[in-house]
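No value in this document is a laboratory result; all are computed from the given coordinates. Note that this is a predicted model, so its numbers are computed, not measured. For neighbour counting, all protein chains shown are included, and Cβ atoms are generated from backbone atoms with ideal geometry for every residue, glycine included.
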Amino acid sequence: MDRRDFVRTSAAGLAAAATPAALAAERRPPGAAARFGAPAVHRPRAAPPIVVSDLSGIRFNNGGPESSVERAFRGIVEGEDVLDALMAGVNIPENDPTEMGIGYGGLPNADGVVQLDACCMHGPRRWAGGVAALEGVRTPSLVAKAVAELTDHHLLVGAGAQAFARQLGFEIEDDLNTEASRALWLEWRRRIDPGHWLDPRKRLEAGLSMVDDGLIPAHSFWGTTNCNAVNADGDVCGVTTTSGLSWKIPGRTGDSPILGAGLYVDNDVGAVGSTGRGEANLYNLSSFLAVEFMRQGMSPLDAGMATLERIRSNTVESRLLNERGLPNFDVRFFLLNKQGETAGVALYGSAETHYAVCTENGAEERPFEGLLEGSPRDA
């Protein structure tokens, strides 16, 4: 074999060994390949527009004709910028007082104050913005977008975020509670012993007992809506907005406004957003991790499952484990790649069983794929 043949043969072998599929297989959690199947290899192709969201994106319309995913999809096909279309979409549940996990009427913190978080990412422009612990503005997603557009920063918080919103002309309201959200906060206060407020288990159990009693929908207790989309040109954007964990310690900020935790977008790959226990995503930088798995060649479904497996394996504190030794919380991911393939995955998928998608065929609910059997609180 002459030198040119040797170089050509060696290069071919190295290229085969370094395919995205091979790299993905190397980096999966132990046993993931057997459980989740071989990763998909991206093949560039034109994809029709598609929007993916949690159930808040399809089940709340604030009395209007469209849900969040429907409004976002219509805007995209009519030529709106993808992020502008997503913003118009999530503003619907943000303003809907019956959606108690985000925006106006979102369940408040331990002091009865509604504090909102949001984040957005624009794939083509490579910019992002977020706000945290923002009070008085029903649509924190729009303030997050203004942070990205008008400042050199990615995140504004608390009083500074509110002052920024006021300077831009956003209406600042004294109280974003509704009669319903305030009544639920008062019920929660009745169920806890204020002398034990530092006991996170007691605070959580009091809130979950209200879910068990049918006073709060499970998705509203944990809060959050995420909405991601790709248009026919392959432009990817995403937005997440939330009132955060119900009855949280004032100032608590979860994953939603943090780039890479509750939302991550890469225009060369796709977008991932999340709902559920924010601290789990903060620790694992989960949305960024899932996008990286897709970059290596995994399908959205495989990437989501591998990320959930990472969360499961990193959950070791006894207070976060149920009697089976598994996480006592749920986390859900909404994944979309540049080719228009989507997935909805959950640690358990027993409380929320479906996610939302909108295509040219209309809006529909699709079932989650769950990593673990049963529910987070099973003995």
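Look at the dipole of region 293-379 built from charges on Cβ: of Asn314, Gly374, Ser299, the Cα furthest out on the positive end belongs to Asn314. Placing a pseudo-label 7 Å from each Cα along the Cα-to-Cβ vector at Arg189 and Glu360 gives an inter-label distance of 5.5 nm. Packing around the peptides 274-280, 109-115, 145-151, taken as the average count of other Cβ atoms within 10 Å per residue, puts them in this order, highest first: 274-280, 109-115, 145-151.
Amide hydrogen proximity for Val157: with H placed 1.01 Å from N in the peptide plane, the residues at 5 or more positions away or on another chain lying under 5 Å are Ala132. Between region 249-326 and region 86-158, how many Å separate their Cα centres? Spelled out, the Cα-based centre of one part sits 20 Å from the other.
The 3J(HN,Hα) values that the Karplus relation (6.51, -1.76, 1.60; θ = phi - 60°) gives for region 72-83 are, in residue order, 5, 5, 4, x, 5, 6, 8, x, 5, 4, 4, 5 Hz. Gly and Pro appear as x. For region 267-283, the Karplus equation 6.51 cos²θ - 1.76 cosθ + 1.60, evaluated at θ = phi - 60°, returns couplings of 5, 7, 10, x, 9, 9, x, 8, 9, x, 5, x, 4, 5, 6, 5, 5 Hz by residue, with Gly and Pro reported as x. Here the simple spin-label model places points 7 Å from the Cα toward Cβ, and for Asp212 and Ser318 these points are separated by 2.1 nm. Using the Karplus relation 6.51 cos²θ - 1.76 cosθ + 1.60 with θ = phi - 60°, the per-residue 3J(HN,Hα) values for region 49-57 come to x, 7, 10, 10, 7, 6, 5, 4, x Hz, with x marking Gly and Pro. Find the percent of Cα-Cα distances in region 329-379 that exceed 12 Å, and round it to a whole number. Taking all Cα-Cα pairs of region 329-379, the fraction more than 12 Å apart is 64 percent.
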